[in-house]
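Data block below; observations after.
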Amino acid sequence: MILPDLLEVDKNRQLSPSSVHYWAGFKRALPIVLGYVPIGFAYGVLAGKSGLSGVNTLLMSLLVFAGSAQFIAVGLFAAGTGPAAVILTTFVVNLRHMLMAASLAPYLAGWKKRYLAFFSFELTDETFALHSSAAGKLNGCRLEALSLNVTAQASWVLGTGLGIIASGLIGDIKPLGLDYALAAMFIGLLVGQCKSLVQLITAILSGGIATLLYLAGWHQFHIIVATVAGATLGLGVELWIKR
């Protein structure tokens, strides 16, 4: 994880501009860290129980870093599903990342391709929520954005490692409530984004639509459809209020 070396900074001197950006990204990522460590821990335990080796479990968090898709992949692996089905299922689940990346793309126009690739690799639902709240600063605060992403993934990998170690000691994680930590963290991030009536209405509409579609059996595309529908309705409400 890339962090400023605070120990080498003289007390009478200020941090360098780059160190300030790194430290700012780290501090912004702290709410995500508090959720990712227990969720990564739960994933590590679940992967260990499903028969996945510790090395492959850790590599998935390092190379895939897909949160809910990792849980799904582990479940499919435990059920004996073939590789093609696992890849296709996780691909469909992560299609929502196309919407997130598209919404941030206009604010990353000045970035070089290598930074865009690194940024997009570590883009998740939670980091997207924080980036979108300050999207206008992304073009000029590349180091802060990348530091936020790296800190988030590092906490997920840390949680995974702890889960691998504890997988042989814990029987059932449900009584601990770890499976709800990710949803609780994202709800907390969402509340912080609802700063106007239009944003609040959009969040409620999107959540309601997603819930109805899920209950109707749309277990794969309900988030994507609800996101597009909620954003469209929210735009309509905003235009109506302005008129």
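Nearest 0.05, what FRET efficiency do VAL228 and SER53 give at R0 = 30 Å with Cβ-Cβ as r?
0.15
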Residue (of LEU130, ALA102, SER50) at the positive-pole extreme of region 17-193, dipole from beta-carbon charges: ALA102
10 Å binning of all Cα-Cα separations within the chain, expressed as whole percents from 0 upward: 7, 27, 34, 23, 8, 2, 0
Sequence-separation-based contact order of the chain, relative, with Cα cut under 8 Å and 6+ spacing, percent: 31 percent
How many nm separate the modelled label positions at ASN139 and TYR115, each set 7 Å beyond the Cα in the direction of the Cβ? 1.2 nm
Between the DSSP loop rule and a limit of at most 14 other Cβ atoms within 10 Å, which chymotrypsin sites (Phe, Trp or Tyr not before Pro) in region 102-164 are left? none
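Give me the dipole magnitude in Debye, nearest 20, for the chain about the Cα centre, with unit charges on the beta carbon: positive for Lys and Arg, negative for Asp and Glu. Each step should come with its number before you reach the end.
Details: 15 positive and 10 negative charges, 117 e Å.
My answer is approximately 560 debye.
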Spacing of the two label points (7 Å from each Cα toward its C-beta) at ALA85 and LEU215, in nm: 2.9 nm
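Contour minus end-to-end for LEU95 and VAL191, with contour as 0.36 nm per residue of separation and end-to-end as the Cα-Cα distance? Write out the running numbers ahead of the final one.
On the way: separation 96, 0.36 × 96 = 34.56 nm, distance 2.38 nm.
Stretched fully, the LEU95-VAL191 segment lengthens by 32.2 nm.
Read the figures in this text as sums done on the coordinates, not as results from a lab. Since we're looking at a predicted model, the values are computed, not measured. Note: ideal-geometry Cβ built from the backbone for every residue, glycine included; neighbour counts use all protein chains shown.
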